[in-house]
Amino acid sequence: MKTIMTGNEAVARGAYEGGLVFASAYPGTPSTEILENIVNYKDDIYCEWAPNEKVAMEAAIGASVAGVRSMAAMKHVGVNVAADPLFTFAYTGVTGGCVLVSADDPGMHSSQNEQDNRNYAAAARVLMLEPSDSQESKDFMRLGLELSEIFDTPVLLRMTTRVCHSKGLVELGDRVEMPVIPYEKNIKKFVATPANGKVMRKNLVQRLKAMEAYANTAEINKPEYNGDEIGIITSGVSYQYAREVFGDEVSYLKLGMTFPMPMDLIKQFAGKVKKIYVIEEMDPYIENHLKMAGIQFIGKEVIPEYDELNPDIVRKAVFGEREEGIKVSQEAVVRPPTLCAGCPHRGFFYALSKKKNVMITGDIGCYTLGSAPPLSAIDTCFCMGGSISSGHGAAQALRKTGNHDLKVVSVIGDSTFFHSGINSLMDVVYNKGCNTSVILDNRITGMTGHQQNPGTGYTLMGEGTEEVDIPKLCQAIGMKEENIYIVNPNKLDEVNKALDEAMAKDEPTVIITKWPCILKKFSPQDKKEFDLSPKKCSINQDKCKKCKLCVGVGCPAIHSGDNIEIDKVSCTGCAVCKQVCPFNAIEEV
Amino acid sequence: MSEVKNILLVGVGGQGTILASKILSEGLVEAGYDVKMSEIHGMSQRGGNVSTQIRYGKKVYSPIVGKGEADVIVAFEKMEALRWIEYLRKDGKMVINDFEIPSVPILMGQAEYPQGILEELSENVAVLVIKAAEIAENLGNSKAMNIVLLGALVKAMNVEGVDWKKAIQNNVKKGFEELNLKAFDTGYNL
């Protein structure tokens, strides 16, 4: 039976068919839907959201050692977090097959960088597969679990946004039930002390030779000969773009397994064509292997090393021509993403943006949008969990150099706080820092589309569970009770008071803003704890002096035209605008 | 590659473009085409634009369409028609919903919503303008706007052998099948 699936749905299906028993992930675009689809197979696969990618990887490693097939999934930057266990796992090898899915984001559709994680496979020396569409996403996931056991290695399944989020036809198969491999204590294999590690490293080198021999004959490394003039070497979605542009007129070497690289096969292919193009997205990864083998080709001198590829770019790079679209005189106004109407972060950021002499260190999540005008309330953003620790460094540097006027406020979401922000807060408290850490608790992981996290009280598989009590957790790591403020972010006076008090102290302080994301499905606890009854705000035009202070809160429900109006459909009645109006022109209706 | 047809659905988050694309691609799959569909939604729930590209034919490689290659574009929002016009073939067709959703710079009074979009686009290409919101509201629910537009799109695609009724029934919420079938027919017969 054929059905249409995204690459992510297909990876989940491949895991199911391949007899997977354990899956763990931290949500991140474009990888999130993999686990959201694995949960459909929860009768056969145990699955969970982990607090971060390192934990997800380590849990998958444990499941593998215990004898079942397992996987961890994450976005490209998540692999940076998980890299520590990955590199040693490459030494030890597996028991049950284990696949790490890295979903890379060329073009940075929703990421802070566009790193090419094919480099991780080469650096960690793990087998890598690169699917180019949905069918291959399913097939390669399944194959990855098998190859992992055959070669005793973790396998990196490298996806990209365009493969994750595009749909194509997929032929479904049945699940293979894999017997659990009985657990045997094996200290020499799984305890990576230096003495054992030296042996493991030798084994790893041997294993690589076996894997390369396989790569040279693997069906997924496929030459398609159509004449000897032009040959194209490519992998992943770039193959699809190349096929689109060159059609059946040229020869292709489509690489499905790109670490270890099938060098014999590549040399053979190169010997049969007169001119070679290497068409690959992002880094010169395949290209560097060809250079080392002394093969002549055309690659990154015409194919860009940045941004997402597409057929237009490939066509222009190779033929110097481009399909011209229709041109008109006007341009569409940009549609930048913004904090939603009723977003609980808006009130907090509005109050924070009015404070003078403050450096605001930010983090990864919806609230990164607090950096956009008119709020402009974030000064830095590096990586997940980095706001509190980079804020700590800044605050200590300012203190050391005698600048006591500039205060540091660090902002982080609930899920991100559990991800790695908690470590940073330990650093602040233990080392007697002085930045104000704000935990923006909107009761869910917002940016990626509402995944549960340790603060929400539910598991991925839908069971109720113990939720982390954030104020108590802060106390447990040494934060003084009187330095913890809990506020409703929609109430500007509460936020202002907490900010003023916290920023005035020369010791670690925490502000927890607590209000549910306006788009989430409210849990019974949410309904009990918060007043979520439907409300609207409206502008009394007789009282409105058009001062536009309400427009300055940046709410997409407030429309500034001849009159300033609030859109009835999108307004949620958070009343942040009402609190900034000096003429009491905004009324709750 | 001329036998591959390229369709773009463009709009703003929350307008139901994804559901319409899903019905479209499932209908085409059932009819035996190879289909690829690509979604681009840059944080669409937070006010961004959203687009889906559907390619169908005997064998489809790239999941995305190049500039000047779309056979039909349906714009769920007027300014999005302007944003995507470059992707239309010179002899392509455009279905435009006469419906405005101002973006944040416009809401804040920093930019003007472009004027005369329909007139300018009509001068350049074959344009069908639809007041889909009004039509859907008259049918009983303004949310069915997306299916009215889907009906008009399918007519413009001129594709045969697809059981659209089944694709709609399989994908819309229970209890709304009849409304959506009516919306589709109305859009198709405009």
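The values are calculated or read from the model by the stated rules, or taken from the named source; none is laboratory data. Just so it is clear, the structure is predicted and the values come from calculations on it, not from any experiment. With ideal geometry, Cβ positions are generated from the backbone for all residues, glycine too; neighbour counts draw on all protein chains shown. For the accessible areas, the whole protein counts, side chains as well, though only heavy atoms, and no ligand, DNA or RNA atoms are used. Shrake-Rupley method; radii C 1.70, N 1.55, O 1.52, S 1.80 Å.
Worth a mention:
- Only one of A:I378, A:I388, A:I360 that is touching a strand residue (DSSP E or B) at 6+ places or on another chain (Cβ under 6 Å) and either among the basic types (K, R) or assigned to a helix (DSSP H, G or I) (or both): A:I388
- Filtered by the rule that a residue be crowded, with 18+ Cβ neighbours inside 10 Å and within 25 Å of A:S533 (Cα to Cα), the range A:492-517 gives A:L492, A:E494, A:V495, A:I512, A:T513, A:K514, A:W515, A:P516, A:C517.
- Qualifying residue in the range A:336-349 (condition: in a loop (DSSP other than H, G, I, E, B), farther than 30 Å from A:M211 by Cβ and β-branched (V, I, T)): yes
- Residue check, B:V60 part of a loop (DSSP other than H, G, I, E, B), more than 8 Å from chain A (Cβ to nearest Cβ) and open to solvent by less than 40 Å² (accessible area, probe 1.4 Å): no
- Wholly enclosed strands (runs of 3 or more DSSP E) of the range A:143-237 bearing at least 3 residues over 26 Å from A:I266 (Cβ atoms): A:166-171
- Residue check for B:G140: on the phi > 0 side of the Ramachandran plot and away from chain A (no Cβ under 14 Å): yes
- Residue check, A:S132 in contact (Cβ under 8 Å) with a residue 40 or more places away in the chain, open to solvent by 20 Å² or more (accessible area, probe 1.4 Å), part of a loop (DSSP other than H, G, I, E, B) and polar (S, T, N, Q): no
- Of all residues in the range A:544-577, exactly one satisfies the criterion of being more than 36 Å from the chain's Cα centre (by Cα), closer than 16 Å to B:E100 by Cα and at pLDDT 95 or above, namely A:E565.
- Residue identified as modelled with pLDDT of 95 or more, away from chain B (no Cβ under 13 Å) and under 30 Å from A:F22 (Cβ atoms) among A:V163, A:V155, A:V250, A:V170: A:V155
- One residue alone among A:D427, A:D441, A:D405 is of a type in the set (D, E) and surrounded by 21 or more Cβ atoms within 10 Å (Cβ to Cβ), and that residue is A:D441.
- Check on A:G449, modelled with pLDDT under 95, out of contact with any His (no Cβ under 9 Å at 6 or more places or on another chain), of a type outside the set (S, T, Y) and closer than 30 Å to A:D44 by Cα: yes
- Per-region count, the range A:281-333, residues of a type in the set (G, A, S) and either more than 28 Å from A:Q268 (Cα to Cα) or touching a His at 6+ places or on another chain (Cβ under 7 Å) (or both): 4
- Taking the range A:299-330 as the range and being open to solvent by less than 40 Å² (accessible area, probe 1.4 Å) and away from chain B (no Cβ under 14 Å) as the test, the residues that pass are A:G299, A:K300, A:I303, A:P304.
- Restricting A:G561, A:G554 to residues that are of a type in the set (G, A, S) and under 20 Å from A:G347 (Cα atoms) narrows the list to A:G554.
- Of all residues in the range B:66-111 being part of a strand (DSSP E or B) and among the β-branched types (V, I, T), the one that is nearest to the other protein chains (Cβ to nearest Cβ): B:I73
- Taken over the range A:350-368, the criterion of being crowded, with 23+ Cβ neighbours inside 10 Å and under 20 Å from B:G109 (Cβ atoms) is satisfied by A:Y350 alone.
- Yes/no for A:D248 being of a type in the set (D, E), assigned to a loop (DSSP other than H, G, I, E, B) and closer than 17 Å to A:G227 by Cα: yes
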